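Here the structure is laid out as structure tokens; the discussion comes afterwards.
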Amino acid sequence: MRLALDATYAYSPELTGVGVYSRRLIDGLAARYPETILYECLRWKPFWRAASPSLPNIRRRLLQPPVPIFGADLFHALNQRIDRRPARRVVATFHDLFVLTAEYSTPAFRQRFAKQARRAASLADIVIAVSAFTADQVETLIGVPRSRIRIIGHGADLPPLSTQPRENIILTVGAIQKRKNTLRLIQAFERLPVDWTLLLAGPSTGYGAGEILDYLNRSPARDRIQALGYVSQPMLKSLYRRAAVFAFPSLDEGFGMPVLDAMAYGVPVITSSTSALPEVAGGAALLVEPTDTDAIAAALTRLTSDSELATSLAEKGRARAAGLTWENAVEATHRVYRELAG
């Protein structure tokens, strides 16, 4: 089988969720199915800055209109964007549709996103949704028949548990923005004892970041809160090993990869009771109503003061992450390819 995949996000200088998904899927497919030829299709900028392919069965091609077919049996759009039909069989992964449901972006971005999402859905033979929540949105908001949707979640790596003692750190991972509910998390954290620190790991370029940063600079807990900006993967792994609590009260997620990553590292998790997050948490996290600052504060207080609860959630989370691996995601995706290829 010859597969062409839009690998644009896999070569971002600062990998975020879609980039991690793209990289892990491409490398996983190439390693698991060495007889398969994979074409990494890149737009102009990533094409010229990308290093050589990591495995011998990976080829590289420029993705530009008109999109060439490369003799591929199938094209996989890894981030719900297809400019034109590039192969006889097409798959598109949809990660989320939050842009269509609330004010989490500019009107111009919302309009462009909606157009791209609907076009991708119309050109794809099969849509992969990363959660049942996203599958429901693809069906109801874009009108894709359920018969054309397959649900394949993201994965996690299960590292050895660290023996180093955890620090009084509340960690959250993701861009500082309105959708991630960063402002309410900061306000809830202000009620914790002064020996606790809040680490915000993620770029400060998200929608609404200016208002959040203005509040942060005036916060009575300012000296206990660190906005780290984008952090590398090695640094992020270190943070997961050090943190005593992972807080992710996001307002809307199509999956919520940081929740699964934190669980894999044995960090007890607080997350939202809405969108795809309860589905990902699978009963292994403390769920809160994300628009209720009091509820977030109460959950933080409870988890930082109840060691038995923290240990129980850490163990449950670790078991949950063990069942959701990138290997499973790769194999399930390849089954979709075989289904389309007959």
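Laboratory data are not the source of any read-out in this text; all were calculated from the coordinates shown. On a predicted model such as this, the values are computed, not experimentally measured, just so you know. Please note: Cβ atoms are built from the backbone with ideal geometry, for glycine as well, and neighbour counts cover all protein chains shown.
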Which whole-number percent of Cα pairs in region 1-46 have a distance greater than 16 Å? 36 percent
Please name whichever of A135, A299, F248 sits farthest to the positive end of the charge dipole of the chain, dipole taken about the Cα centre and charges placed at Cβ: Lys and Arg +1, Asp and Glu -1. A135
Roughly how far apart, in whole Å, are the Cα centres of region 215-245 and region 2-33? 27 Å
Given springs between every Cα pair under 10 Å in a Gaussian network model of the chain, which of G266, G254, G71 has the largest fluctuation? G71
For region 169-322: span of alpha carbons on each principal axis (Å, largest first): 39, 31, 31
How would region 281-342 be classified by its alpha-carbon gyration tensor: rounded, prolate or oblate, with rounded meaning a/c under 1.5 and the a/b versus b/c comparison settling the rest? oblate
Fewest-first ranking of Y11, Y215, using other Cβ atoms within 10 Å as the exposure measure: Y215, Y11
In whole angstrom, how far apart do the alpha carbon centroids of region 156-187 and region 267-342 sit? 13 Å
What number, in nm² with one decimal, is the all-direction average of the projected area of the convex hull of the alpha-carbon atoms of the chain? 16.9 nm²
For the chain, modelled as a GNM with alpha-carbon contacts under 10 angstrom, which of T36, T93, T304 fluctuates the most? T36
Mind checking the dipole of region 191-293: about its Cα centre, +1 per Lys or Arg Cβ, -1 per Asp or Glu Cβ, Debye to the nearest 20? 480 debye
Among R81, R146, R24, which one shows the biggest mean-square fluctuation in a GNM of the chain, springs joining Cα atoms closer than 10 Å? R146
Regarding region 235-342, what whole-number volume in Å³ per residue does the convex hull of its Cα atoms give? 105 Å³
Burial ordering of R84, R89, fewest other beta-carbon atoms within 10 Å first: R84, R89
Just how many % of Cα pairs in region 1-103 lie over 16 Å apart, if you round to the nearest whole percent? 56 percent
In debye, nearest 20, what is the charge dipole magnitude of the chain about its Cα centre with +1 on Lys and Arg Cβ and -1 on Asp and Glu Cβ, if you could check? 1340 debye
Before rounding to the nearest 500, sum -39500 (n - 2.57) across all DSSP H runs of length at least 4 in the chain and divide by the residue total; then give [θ] at 222 nm in deg cm²/dmol. -12000 deg cm²/dmol
Can you give the relative contact order of the chain as a percent, counting alpha carbon pairs under 8 Å and 6+ residues apart? 16 percent
Relative contact order [Cα under 8 Å, 6+ residues apart], region 169-322, whole percent: 25 percent
